[in-house]
Amino acid sequence: MAKIVVTDTDFGDSEFERKMVEAAGIRFAAFNDADARSPREIIEHLQGADGAITSYGSFTAEVFEALPHLRVVSKTGTGVDNIDVAAATKNRTLVCNVPGYGTEVVSDHALALALCVLRRINEIDADMRNGIWDFRKRRPLGQVHGRTFGVVGYGSIGRAVARKARGMGFDVVVWDRKGVPGRLTPEGFPYAALDDLIARADVLSFHTALVPETYHLLNARRIATMKPDAIVVNTSRGAVVDTDALAQALQEGRLWGAGIDVFEQEPVAFDAPICEAPHTVLTSHAAYWSEESAIELRTRCTQNAIDAVLGKRPENCVNGPFER
């Protein structure tokens, strides 16, 4: 009988996945206590497995070389930067993901971060809890009208952010690797060159995948070209932004503020420069989570693994198909 294993999970337990897998007539195992994320642990736990479900496990070339019969690795998320897709392809292992599950909630979160920073909501709230009734000490306070919202990355989440930002009253400008500056998106938003967008934006919000070309897309050089009253928002991948360079700019008063949900190292160290930077709103990689999005994510991820193990074409794969 075929077998699917959860190597690690972001959800506390794997009973949801267990019920789906066993209902499909497939054996199931989970190693939540071990939380197998390293290549060595993954290889150990996947002996005899046909499929794997992972959140953050490091599926390196070493893993695929040691598991020639692994049919599928199904990721509970959109990005697959923790999986060596080329090595998986060489091994004829499908790599599946769940695009689009968090479009609405991540775009909600990005805009919430932007507004919270713009209005200094967390700072005023902290003052009130300390007995201070004086919003003026937190000036300047901003408004949406008259500000430009720059969307970096125009996939499904970027499009949702652009739509919602326009509905709030922002002027929206977009950069995407496939976009042509001077042209319009199908929704009517102007494309701009990346450096032009960074220099122009009052809010700069990142929604791009992490690939070699987007590593530290916002770096010290580009931060230096931003408006002194600009806000940086990142709900994509931590390493898309040079977070230490961003923290330094905030410490030196060269930016209005930042709203950050993703970090280059997670969990982020509590003494990391960004945690000590002023005018920031920080959340613990929470943008993707709502009760509704979590159910969709887990259902689609598990179904991808089930379909692959049963010889069906999964809904979402980044490689394949392969004959076995």
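The values are calculated or read from the model by the stated rules, or taken from the named source; none is laboratory data. Keep in mind it's a predicted model, so treat the numbers as computed, not measured. So basically every Cβ, Gly included, is an ideal-geometry build from the backbone, and we count neighbours across all protein chains shown.
Residue pairs whose Cβ atoms lie under 6 Å apart, separated by 6 or more positions or on different chains, with the first residue in region 277-299 and without any contact (Cβ under 8 Å) to a residue 40 or more places away in the chain and the second crowded, with 21+ Cβ neighbours inside 10 Å and of a type in the set (Val, Ile, Thr), are Leu282/Ile260; His285/Val262. Of all the residues that make up region 253-290, how many are surrounded by fewer than 21 Cβ atoms within 10 Å (Cβ to Cβ), acidic (Asp, Glu) and assigned to a loop (DSSP other than H, G, I, E, B)? Here the count works out to 3. On the stretch given as region 64-85, residues that are closer than 16 Å to Cys96 by Cβ, not basic (Lys, Arg) and not in a loop (DSSP other than H, G, I, E, B) total 6.
When we screen Leu250, Leu204 for residues that are part of a helix (DSSP H, G or I) and assigned by TED's automatic domain parsing to the domain that holds Leu115, the only hit is Leu250. Is it the case that Gly182 is touching a residue at least 40 places away in the same chain (Cβ under 8 Å) and of a type outside the set (A, V, I, L, M)? No. None of Ala52, Ala36, Ala88 is small (Gly, Ala, Ser), surrounded by 21 or more Cβ atoms within 10 Å (Cβ to Cβ) and part of a helix (DSSP H, G or I) except Ala88.
Scanning region 309-324 for residues that are in contact (Cβ under 8 Å) with a residue 40 or more places away in the chain and either within 14 Å of Glu17 (Cβ to Cβ) or basic (Lys, Arg) (or both) gives Val309, Arg324. Exactly one residue out of Gly25, Gly57 is surrounded by fewer than 23 Cβ atoms within 10 Å (Cβ to Cβ) and either of a type in the set (Val, Ile, Thr) or without any contact (Cβ under 8 Å) to a residue 60 or more places away in the chain (or both), and it is Gly25. Test Lys137 against the criterion of being outside any loop (DSSP other than H, G, I, E, B) and surrounded by fewer than 20 Cβ atoms within 10 Å (Cβ to Cβ), and give yes or no. Yes; evaluated as a whole, the condition is true for this residue. Does region 156-191 hold any residues that are surrounded by 18 or more Cβ atoms within 10 Å (Cβ to Cβ), under 19 Å from the mean Cα position of the chain (by Cα) and part of a loop (DSSP other than H, G, I, E, B), and which are they? Result: Asp176, single match. The set of residues from region 31-56 being modelled with pLDDT under 95 and in contact with a helix residue (DSSP H, G or I) (Cβ under 7 Å, 6 or more places away or on another chain) comprises Phe31, Ala34, Ala36.
The residue of region 91-121 that is surrounded by the most Cβ atoms within 10 Å (Cβ to Cβ), among those that are under 30 Å from Leu141 (Cβ atoms) and over 23 Å from the mean Cα position of the chain (by Cα), is Arg120.
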